[in-house]
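To start, the structure itself, in C-alpha cells.
The values are calculated or read from the model by the stated rules, or taken from the named source; none is laboratory data. Bear in mind that the values here come from a model prediction, so they are computed numbers and not experimental data. Heads up, the Cβs are rebuilt from the backbone with ideal geometry, glycines too, and the neighbour counts pull from every protein chain shown. Ligands, DNA and RNA are excluded from the accessible area calculation, which covers all protein heavy atoms including side chains. Shrake-Rupley method; radii C 1.70, N 1.55, O 1.52, S 1.80 Å.
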Amino acid sequence: MIDYDNRATDRVDAAGLNAFMSRIAAAHSLEELTFLCIGTDCSTGDSLGPWVGTLLEEQGFARVIGTLRDPCDANKLPRLMPALEEKGTIVAIDACLGKPDSVGAYLVRQGPLIPARSVNGGLGAVGAYSIAGVVNAISLKPYWTLQSTSLYRVMGMAQEISKAISMQWNKD
C-alpha cells in the first residue's frame, strides 16, 4: 500500500468505496466538499477523473472540477493548485497504474494523492481525501499503457465512483 505521510492507503472494491464515501459524508456536508476529478479526455486510461466529474455534474453536483468537457489535466492543475484552499475540503479522484492483481480496485485514503505519479509528472500532492482507480497494470511504458487501457473498464469504474458519491447525498 502507498504511504505518503504515514497514513495508509487501503485497496478496496466497490463496497469499500461506498464505506469510504460514507465516512466522508459523516464528517462533511456536501456544501463543504469539492470533487477534483483529475485527468484528460485525450487518453483512455487517464480519463477516469473526467468521466467521474461528468457523471457527478450530470447528477447535479455543483462543486466539481474536471469533466470531459473541461478536463483538469497536467497543464491546468498547477494553475488551479493555489486557489484550491478556497474550495473547501477536496476529494481528489484520479486514475493510476498498479500491480496486475490490483487492476479494477480503488486506492482510498484520508490524505492527498500525487497526480501523474505513474508517468513521473512531478505534480504536488492534492486532496484531503483521495480515490485512485487502478485502471491498468504498471509497465515500462506508462503513457502507452494508459493509451491502450480498456474504455469499458474506465467507464465502469467511473460509474462505481460516482455511484458511491451520489448514494451519500441521495442524488442517484
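Laid out as a table, the results:
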| item | result |
| --- | --- |
| Longest to shortest principal axis, alpha-carbon extents of the stretch 62-135, angstrom | 38, 24, 24 |
| The stretch 9-167, relative contact order [Cα under 8 Å, separation at least 6], % | 29 |
| Residue-span extension gain [residue 151 to residue 110] - 0.36 nm each, minus C-alpha spacing | 12.0 nm |
| Folded to 0 to 90 degrees: helix 48-58 orientation relative to the chain principal axis, Cα | 30 |
| Net charge, residue 40 excluded, C-beta distance under 13 Å - Lys, Arg +1, Asp, Glu -1 | -3 |
| Accessible area per residue, Å², the stretch 9-167 with all protein chains present, probe 1.4 Å | 46 |
| Cα-based helix-to-principal-axis angle, 151-168 vs the chain, degrees rounded to 10 | 20 |
| Antiparallel %, DSSP beta bridges [both residues in the stretch 9-167], to 5 | 35 |
| Along each principal axis, Cα extent of the chain, largest first, Å | 42, 34, 34 |
| Heavy-atom accessible surface of the stretch 40-123: percent carbon and sulfur, 1.4 Å | 49 |
| Virtual spin-label span in nm between residue 28 and residue 8, 7 Å along Cα→Cβ | 2.3 |
